[in-house]
Every structure is written in structure tokens, then in C-alpha cells.
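Colleague: Sharing a structure, written as C-alpha cells. Questions coming.
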Amino acid sequence: MSDILTERSNGILRVEFNRPERKNAMTNGMYTQLAQILNEAAEDEGVRVVLWHSAGDTFCAGNDVKDFLKTPEPGETPQARLMDAFIRFEKPIVVAVQGLAVGGGTTMLTHCDFVYAGESAKFKLPFIDLALVPEFGSSYAIPVRIGHLRAAELFLLGETFGAARAAELGLVTRVVADDQLFATATETAKKLAAKPGGALRASKRLLKQSFADQVKAATKVEGREFGERLRSSEAKEALSAFLEKRPPNFIRTTAPAAAE
């Protein structure tokens, strides 16, 4: 069975991450598939809104590290294709987040329009602990939303924060009871599907116009920096430690020069 399931009904395209045994960790194949789903939905007049959720008790644990290490060199990577699809997508995206949303599981949410978090939801931006840097345009989008000081706390400490804190920061639309999460997101998707589709797309386009170019620029800079860090001795130590389930030791690693 596919790692991402889709179902279209009454103008709503339901997208479900279906890899619960791996906490819905993203593989390169999932990045590619989700990009294709969004690109096709953009051209499908029968799709008016996307409703995104995950199977199991975790929304998305970020990258599947073993698979991630097979990612091609910077450029037309599966991640880059998905970022481009998110940036160009003009139809509303409603998402229901339960359990953990780690790394990309959190940064991808910055491209959604309605983010409902269950009371159990926990968010984390652990890039620093993997000796990596933010992605999906989040180095621009999150500071703009919550300010530099709060963004620095999330990115530079990389600590877990709960649904209530995410709502306080403006990273989610609303926190709801876990047993009402999918129903709440579905109800919003139904309301949106009944609206005039052309006006919805135009309104979202207008809402994004003031920062779309900056997000695009941020993704390019992030991509270069991410590639530099991924090849660093720091990242090799961090990722080896993760796979070997031991604490990393950065004492003897050296930081590479900043990307130009």
C-alpha cells in the first residue's frame, strides 16, 4: 500500500500520510509523491481544497534518516520539488496535526492555511541537533510570524513545544480535543469547498503576494546552506550518533565555511 493515500470527494482532496509504523517519517519517494499530488490538484478543477492528515499517533517524524542520506546533491531534489509545489499551490490546505510533528513535519505547516492541532500535538525543529539548518522557507516564514527572539529559541535550542505554545506563537490556527481533531479539520474543508473557488484562489494568492518572493529566496539560500552542512563533519557525527542511538560528540568536529 502507498505511503500516501488520496481520496477526492465533493471538492475535497483528502491526503493521508500512511506510514504509521515509521511515525510517518518522510522518504524521498514521499516528497516526490506529495509534490505530484499538489501539482495535479492545482490543475484539477474538481479539487477545491486539500485536507491533509496522517494515520496513527504521529503526524510526521520528519525525515526518514536512512533514506534521507540517499538524497541527491542540492538542486532538483525531492525536497526542492515539494517546496516549489507548496509555494505555487493556490488552493486552501487544511491540516490536522496529532502527536509529534518534527522537523519538516513542522516546517511544512508554514505552507498551510488552516492548521488544527490536537491537544496531544508536540512540535520540534531539531535541525541544530543534527548539525543542519532550517528548510522549507521556514528561516524566513517563522521569524516573520513570531519575531527573531522566539524563532531563535525554537531553531537554536531545538526543544519540543506543545500545541498550546504553538497556538500562542501563531503557528497553528486552533488547538482542539484529540477526538475532535479530524472532524474539526473536515468541517473547515467542507466550508471552504462550498466557497467560490476562483475567489478562494485569488484571495490566497493576494494573501501570499507580500512574502512569496522572500520565501522562494529563502528556500534557495537554505538549500545551499543545507547542502554545505550535510557534508560537514558535524552532520556526519550527528547523523551517525542518531543511527547508532548514542549522544553526538561535536568536540572534535570542525564547522565548514558559510555558504556563499
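Colleague: Roughly how many Å² is the accessible area per residue of the range 37-180, as a whole number, for a 1.4 Å probe?
Modeller: 41
Colleague: Treat every Asp and Glu Cβ in the chain as -1 and every Lys and Arg Cβ as +1, leave all other atoms uncharged, and give the resulting dipole magnitude about the Cα centre to the nearest 20 debye.
Modeller: It comes to approximately 360 debye.
Colleague: Cut-off under 26 Å on the C-alpha distance; same-chain residues fewer than 8 positions from Lys70 excluded. Which lysines are left, in chain and number order?
Modeller: Excluding near neighbours in sequence, the set is Lys23, Lys124, Lys216, Lys220, Lys236, Lys245.
Colleague: Ok, one more. By how many degrees, 0 to 90 and rounded to 10, does the Cα axis of helix 197-209 deviate from the longest principal axis of the chain?
Modeller: Roughly 30 degrees, rounded to the nearest 10.
Colleague: Using amide H atoms built in the peptide plane, which far-off residues or other-chain residues are under 5 Å from Met26 H to H?
Modeller: Close amide H contacts, sequence-distant or interchain: Ala61, Gly62, Asn63, Asp64.
Colleague: So the label point goes 7 Å from the Cα of Arg205 along Cα→C-beta, right? Which residues of the range 103-139 then have their backbone N under 15 Å from it?
Modeller: none
Colleague: Can you list the aspartates and glutamates whose alpha carbon is less than 20 Å from that of Lys91, not counting same-chain residues fewer than 8 positions off?
Modeller: Leaving aside aspartates and glutamates fewer than 8 places away in the same chain, those within reach of Lys91 are Glu7, Glu16, Glu40, Glu43, Asp44, Glu45, Asp113, Glu187, Asp213.
Colleague: Under a Cβ-Cβ cut-off of 11 Å, what is the net charge of the residues other than Gln98 that fall near it, where Lys and Arg count +1 and Asp and Glu count -1?
Modeller: -3
Colleague: Here's something else I'd like to know. Using each residue's phi in the range 185-193, evaluate 6.51 cos²θ - 1.76 cosθ + 1.60 at θ = phi - 60° and report the 3J(HN,Hα) Karplus result to the nearest Hz, with x for Gly and Pro.
Modeller: 5, 5, 4, 5, 4, 5, 4, 5, 5
Colleague: For helix 212-230, report the angle its Cα long axis makes with the longest principal axis of the Cα atoms of the chain; keep it between 0 and 90° and round to the nearest 10°.
Modeller: With rounding to tens, the tilt is 30 degrees.
Colleague: Write down, largest first, the equivalent ellipsoid semi-axes of the range 1-95 in whole Å, where each equals the square root of 5 times an eigenvalue of the alpha-carbon gyration tensor.
Modeller: Equivalent ellipsoid semi-axes, largest first: 22, 17, 9 Å.
Colleague: Given (i) 30, 20, 18; (ii) 37, 21, 15; (iii) 42, 22, 18, which label gives semi-axes √(5λ) of the Cα gyration tensor in Å as computed from the coordinates?
Modeller: Answer by label: (i).
Colleague: Hey, got the Cα dimensions of the range 129-175 along the principal axes, in Å, largest first?
Modeller: Principal extents (Cα only, largest first): 31, 20, 19 Å.
Colleague: So what is the calculated 222 nm ellipticity per residue for the chain, using -39500 (n - 2.57) for each DSSP H run with n of 4 or more, over all residues, to the nearest 500 deg cm²/dmol?
Modeller: Rounded to the nearest 500, it is -13500 deg cm²/dmol.
Colleague: From the backbone phi of the range 123-139, what are the Karplus-calculated ³J(HN,Hα) couplings (6.51 cos²θ - 1.76 cosθ + 1.60, θ = phi - 60°) in whole Hz, Gly and Pro given as x?
Modeller: 10, 7, 10, x, 4, 4, 6, 9, 6, 10, 10, x, 9, 6, x, 5, 5
Colleague: Could you give the alpha-carbon Rg of the range 138-256 over 2.2 N^0.38 Å, rounded to two decimals?
Modeller: 1.45
Colleague: Say we join alpha carbon atoms closer than 10 Å with springs in a Gaussian network model of the chain; which of Gly103, Gly29, Gly118 then has the biggest fluctuation?
Modeller: Among Gly103, Gly29, Gly118, the largest GNM mean-square fluctuation belongs to Gly29.
Colleague: Where does the range 28-175 land on Rg/Rh, using Cα atoms and the Kirkwood Rh?
Modeller: Answer for the range 28-175: 0.94.
Colleague: What is the spin-label model distance, in nm, from Lys70 to Glu244 if the labels are put 7 Å beyond Cα along the C-beta direction?
Modeller: Spacing of the two 7 Å Cα→Cβ label points: 2.3 nm.
The values are calculated or read from the model by the stated rules, or taken from the named source; none is laboratory data. Just so it is clear, the structure is predicted and the values come from calculations on it, not from any experiment. Methodologically, a virtual Cβ is constructed for each residue, glycine included, from the backbone with ideal geometry; neighbour enumeration extends over all protein chains shown. Heads up: the accessible areas ignore ligands, DNA and RNA and are worked out on the full protein's heavy atoms, side chains in. Shrake-Rupley method; radii C 1.70, N 1.55, O 1.52, S 1.80 Å.
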